[in-house]
Each structure stands twice: as structure tokens, then as C-alpha cells.
1. Taking the stated definitions as given, is Asn165 open to solvent by 40 Å² or more (accessible area, probe 1.4 Å), among the polar types (S, T, N, Q), part of a helix (DSSP H, G or I) and modelled with pLDDT under 90?
2. So which of Tyr197, Tyr267 is under 29 Å from His99 (Cα atoms) and either modelled with pLDDT of 90 or more or open to solvent by 30 Å² or more (accessible area, probe 1.4 Å) (or both)?
3. Across region 84-99, what is the number of residues that are under 25 Å from Ala9 (Cβ atoms), touching a Ser or Thr at 6+ places or on another chain (Cβ under 7 Å) and open to solvent by 30 Å² or more (accessible area, probe 1.4 Å)?
4. Touching a strand residue (DSSP E or B) at 6+ places or on another chain (Cβ under 8 Å), outside any helix (DSSP H, G or I) and surrounded by 15 or more Cβ atoms within 10 Å (Cβ to Cβ): which single residue out of Ile13, Ile5 fits that description?
5. Name every residue in region 104-162 that is among the β-branched types (Val, Ile, Thr), at pLDDT 95 or above, surrounded by 19 or more Cβ atoms within 10 Å (Cβ to Cβ) and part of a helix (DSSP H, G or I), in order of residue number.
6. Residue check, Asn25 against (1) open to solvent by 10 Å² or more (accessible area, probe 1.4 Å); (2) assigned to a helix (DSSP H, G or I); (3) over 30 Å from Pro193 (Cβ atoms); (4) free of Cβ contacts under 8 Å to residues at least 40 places away in the same chain, all met but one. Which one?
7. When region 34-64 is examined, which residues are found to be open to solvent by 60 Å² or more (accessible area, probe 1.4 Å), within 24 Å of Ala230 (Cα to Cα) and within 20 Å of the chain's Cα centre (by Cα)?
8. Would you call Ile67 outside any strand (DSSP E or B) and in contact with an Asp or Glu (Cβ under 8 Å, 6 or more places away or on another chain)?
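The values are calculated or read from the model by the stated rules, or taken from the named source; none is laboratory data. Since the model is a prediction, treat every value here as computed from it, not as a measurement. Every residue, glycine among them, receives a Cβ derived from its backbone with ideal geometry; neighbour counts consider all protein chains shown. Ligands, DNA and RNA are stripped out before the accessible areas are found, and what is left, the full protein with its side chains, is counted by its heavy atoms. Shrake-Rupley method; radii C 1.70, N 1.55, O 1.52, S 1.80 Å.
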Amino acid sequence: MKNVIITGAATGIGKELALHFAKNNWNVIATMLCLEEGNELKNKTNIHCYILDVTSTISIENAKEQILADFERIDVVINNAGIGYRSFVEFSEDEQIKHIVDVNWLGVVKVCRAFTPVFRKQEKGHFINISSIAGLVNLPLGSFYHSTKHAVESFSECMAYELMNFNISVSTVQFGNTPSNFQKNVSKCKTTPLKCYNELMLKISHIVEGKTKKNTDLKQSIIEKVLKIAENPPKKFKRNTIGFDANALNILRNFLGYQLFGRIIRYRVFGLRFK
């Protein structure tokens with residue numbers, strides 16, 4: 001049986017990935033902030049839970065030591081842990097900015113840094129970094145979330161070049177809004193003194209909620225695709241875009257360029273066709 005590490009496995013897509021991999025005869029090393037969060041994974045066949053805080057180098061090293069004591073080999077690491085922050089730059093908060101950077105970007109960096117020597121010693125391994133369509137396009141109120149996901153994309157591609165000589169490969173996975181706990185837990189900017197800001201927050205939240213409700217089949221597509229990547233890792237860096245929304249936005253952005261793409265977004269959100 002192959003062994004996979006999944007960060008942020010207690011809830012959402014991480015939990016679904018853990019269950020799906022276990023069902024398909026993988027040993028799942030499910031990591032989370034505290035074991036109580038992963039009650040639904042306890043006593044499940046092929047699933048083993050560990051405490052790991054992706055923002056803490058010490059926590060990652062402690063978890064790594066425990067994991068390697070239990071498993072001789074790690075085949076795949078899936079960096080899934082992530083959070084959202086929807087805010088206006090003007091009213092953003094230092095603590096929220098630091099937290100999303102620490103989890104979404106530096107968390108990926110630290111976990112990859114910790115397990116690269118393991119893969120190098122094995123002479124084989126694959127990192128799957130869960131990004132987002134936010135890592136390929138830019139949309140309103142996404143200044144901080146999108147920035148971290150763009151960073152994950154750039155980091156993953158750069159790292160892939162470094163690791164080629166060691167038979168270690170890297171993939172990223174992007175998708176749009178999918179029904180899970182993620183959107184429910186997105187931190188949002190508080191009501192501001194500016195009416196236009198408040199109206200924009202309501203509009204964006206309404207659009208996101210509507211898209212999320214429609215994407216009922218997306219979650220299954222994601223977990224099936226990630227398993228396929230893990231079972232047959234590409235030797236070269238590869239981006240994997242999943243779902244109609246994500247593919248459509250990506251194609252539009254690349255085909256139209258940022259100016260025409262921006263017009264479409266402004267029209268969709270503000271009703272401004274030619275500005």
C-alpha cells in the first residue's frame with residue numbers, strides 16, 4: 001500500500017480526500033490542528049491521524065518524526081490546508097493578513113521543505129499543492145487570498161525545477177467554489193463606513209454563494225482527479241484545472257488578456273460594460 005500525507009484533513013476537501021484515498025487502498029496520514037477535529041476519521045480503515053500545524057516549523061518537525069517512525073516510506077504529500085479572507089485593502093487587518101499568508105503560502109513552503117529530504121533519500125516522491133482558480137485569475141475582494149494562491153503556483157513551479165534531478169515531482173490543482181465548510185469559514189471584512197464597499201461585499205458574497213450551490217458535482221471530480229495524479233504522478237511540473245467555472249475563467253483570462261477579462265468582470269459585478 002502507498003502512503004499519502006494530507007494536511008488540513010479534518011474537514012472539507014481534505015476530509016473527503018482522506019476518505020477517498022483510504023477507500024482506494026492507500027494508507028492515509030491525515031494531519032490536523034487537533035485530533036478532536038478529525039472525529040469522523042477516527043477508526044476508519046487505512047486512516048491514521050496526526051497533529052500538525054502548518055504554520056509552525058516545530059509542529060511540522062514533530063509530526064514528521066512521528067510519521068516516519070510509523071511509516072518507512074512516504075509516496076505523496078498533499079498540501080491541502082488553507083483558509084479564506086475576503087476584505088478591502090483599506091480595511092484589512094494585520095493579523096488576518098499574516099494568518100492567511102502563514103497558512104496558505106508559508107504552510108506549503110514549510111511542509112515541502114520538511115519532506116523534500118525524505119523524498120530525496122527515497123529517490124522518489126510527489127508533492128500535490130492544492131491551489132485554486134484564484135491562483136490563475138484575479139477577482140474582486142480577493143487581494144489576499146488570490147495573492148497567496150498565486151504564490152503557491154509560482155513556488156511550486158520554481159521548486160519543481162530544483163527537484164527534477166532527484167526524481168521528485170510537483171503538481172498543483174486549481175478549482176472553483178465547491179460545497180464544503182471552506183466558504184462558511186471564510187473571514188470577511190466587517191461593515192465599513194463606505195456604502196459602496198458594503199454593497200460590493202454583499203454582491204460578491206451573493207455571487208460566490210450562488211456558484212457554490214450550483215457546483216454540486218465538483219467535489220467528487222476534485223477527489224477523483226487528485227487520486228489519479230497521486231497514482232500516476234507526472235514527471236514534470238503540471239497544473240490541473242478542475243471544473244467548468246475554473247476552466248472557463250482560465251481560458252478567458254489567457255485568451256482575452258487582462259484588459260478584456262477585466263471588462264467582463266466589471267460588467268458582471270458592477271454592470272459597467274465599457275469602462
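1. Numbers: open to solvent by 40 Å² or more (accessible area, probe 1.4 Å): yes; among the polar types (S, T, N, Q): yes; part of a helix (DSSP H, G or I): yes; modelled with pLDDT under 90: no.
The answer is no for Asn165.
2. On the way: Tyr267 fails: under 29 Å from His99 (Cα atoms).
Criteria check complete, one pass: Tyr197.
3. Selection size over region 84-99: 1.
4. Ile5
5. Filtering region 104-162 down to residues among the β-branched types (Val, Ile, Thr) leaves 108-109, 111, 116, 118, 128, 130, 133, 137, 148, 152.
Checking which are at pLDDT 95 or above leaves us with 108-109, 111, 116, 118, 128, 130, 148, 152.
When the remaining residues are screened for being surrounded by 19 or more Cβ atoms within 10 Å (Cβ to Cβ), the result is 108, 111, 128, 130, 148, 152.
Listed by number, the residues that qualify are Val108, Val111, Thr148, Val152.
6. (2)
7. Matches in region 34-64: Ile51 only.
8. Values: outside any strand (DSSP E or B): yes; in contact with an Asp or Glu (Cβ under 8 Å, 6 or more places away or on another chain): no.
Considered against the rule, which asks whether it is outside any strand (DSSP E or B) and in contact with an Asp or Glu (Cβ under 8 Å, 6 or more places away or on another chain), Ile67 comes out as no.
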